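One structure is given here, and the rest of the page talks about it.
Derivation of every value follows stated rules applied to the coordinates shown; laboratory data play no part. No experiment lies behind these values; they were computed from the predicted model shown. Counting neighbours? That spans all protein chains shown, and the Cβs are built from the backbone with ideal geometry, glycine included.
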């Protein structure tokens, strides 16, 4: 594993029991099937995938907002999953999260000021009138007026609410922030404002981001490195340009070709994948992408043997036939 | 040839304690037979209410204001009642909504729901209705249609549910298919499937399609003409390639510049300041003027006229110097 990484995640597994009853054992949803990744200081790693790929579970599991079944998470050398209460509290000051839904993630009965101040008070980062000054400074940093502190979430638009969510995460001066689809609920004209703000904050504060997203055009704007997830595992990983311009995994290629580009002149080959991803309760024995794969070299091995992530060309790829174009 | 659909000065009003609000305010357009038209706008622009108005489905207590005109193939939709109105709803105009999970009845099989739509507009024997249902399911690409007809909505994936919605919309053999954000709730690879399906069906049946979306990327290469809506009004209409190559309205220009892209130079995104106004407080003059980077003298006070901006391109902006169309 790369030395000097701020965050190191290895072989993370999370399964959820689903359904079941008195005479029926529950089925198991395989959300994470051995996820490994690293994030360097001041770096943005984008975790890309469609719904059900496990990207949101990954973000929560590495912050221990839910408990993984297996694997390790190290933040600045500290074992996150084995941390006791006191250590975990210290870690939570340094690792924060911004959620997708700016409507659901703020307490509607708390003023914006109280919401932003919550973390400052819990971690005793300021006292008395200093708290208010700090809240107003944070609101200014995300582009809101100081008077916003006395209002309630419903008085703000979606974009402004997302700014409040960002201020709340930054209140405790974290080094690392999980951004879980931070702009996918926003209108296009507002999305650009928030993306620019996140880039400015990263530059000014030296933040590391795990940017969870499904939109590759947005990811291109934000990420240094990209990890593509499918069925709870990374199927391709590399630098932004390598993944976007020289993708090797057939899924990454299909995903790229499916992005609707606002330009009728761009002539691209559209790869339309058949069907849906396999059910999360019944993992296929071989490559999880095999049921939708269009690769010319696809063979029986794809149905029986799971491909491991390995180095091919400039990226890491989990495909038996990554060498064949 | 007269257009299939002509909408003239459409206004939708909602009564409020402080006076009526007008979320759709003077919208005029027409659609030809077999034409593919997109209506593009952000949330709150009035695009969804415009499409509901075509079927006179404005939710209570909203009303279509007097003086609004909707003509379908010469028929005055505004004066229709009872059976005649029902023949249009789901008959001559088919409707596909964004979220198939809330539009489908969870306790009835999907086959039953498609068959209900088949028999709603034509009387036929039970065997004939069943055959017709299976044929429709096959047309929208449901695998094992006869078998899947017995499935309940929750047993199908999001993509298959949206295919069922399309089958229902096609059951009445519509001349116009109105699709309101048909792929917004879906993953990109599934979105690609559904857009391709809509293209295929339209070509085979030669029906007109009105695609309502917030995503200019979805529109490019899939429609003949785009209408852009902002704050309850149309602000620009143009042939699709022309809109992308030479947008006339500053809002359209800003919207295109603020979209992250997969190709081309990677620059900081241009963002539009502020947020979309509320229908209770439309700005004076040009409704985009508070956010417009190119505003000039008359913009704040005087409503710009609708003018010709280029070949088959029209817009509502003081910077457009053409004639009234």
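Miscellaneous remarks
- With the convex hull drawn around the C-alpha atoms of the range A:7-317, the volume per residue stands at 164 Å³.
- Acute angle (nearest 10 degrees) that the helix A:188-205 long axis makes with the longest principal axis of chain A, alpha-carbon atoms: 70 degrees
- Distance from the range A:39-115 to the range B:260-325 (C-alpha centre basis), Å: 40 Å
- Ranked by the mean number of other Cβ atoms within 10 Å of their residues, highest first, the peptides B:139-149, B:247-257, B:76-86 fall in the order B:247-257, B:139-149, B:76-86.
- Note on the range B:179-253 and the range A:180-196: Cα centroid distance 21 Å, given to the nearest whole angstrom.
- Helix A:112-122 and the longest principal axis of the C-alpha atoms of chain A enclose an angle of approximately 90°.
- If you sort the three axes of the alpha carbon gyration tensor as a ≥ b ≥ c, you get a/c of 1.5 or more for the range A:77-185 and a/b no higher than b/c, which makes it oblate.
- Range of Cα positions in the range A:158-273 per principal axis (Å), largest first: 45, 30, 24
- Viscosity 0.890 mPa s, 25 °C: Kirkwood-radius Stokes-Einstein D of chain B over Cα pairs, µm²/s: 117 µm²/s
- Computed over chain A with a Gaussian network model linking Cα atoms closer than 10 Å, the most mobile of A:250, A:108, A:26 is A:26.
- The calculated FRET efficiency for residue A:204 paired with residue B:294, based on their beta-carbon distance and R0 = 25 Å, is about 0.25.
- Diffusion coefficient of the protein assembly as shown by Stokes-Einstein, Kirkwood radius over Cα pairs, 25 °C, 0.890 mPa s: 91 µm²/s.
- Between 0 and 90 degrees, the angle of helix B:158-170 with respect to the longest Cα principal axis of chain B falls at about 90 degrees.
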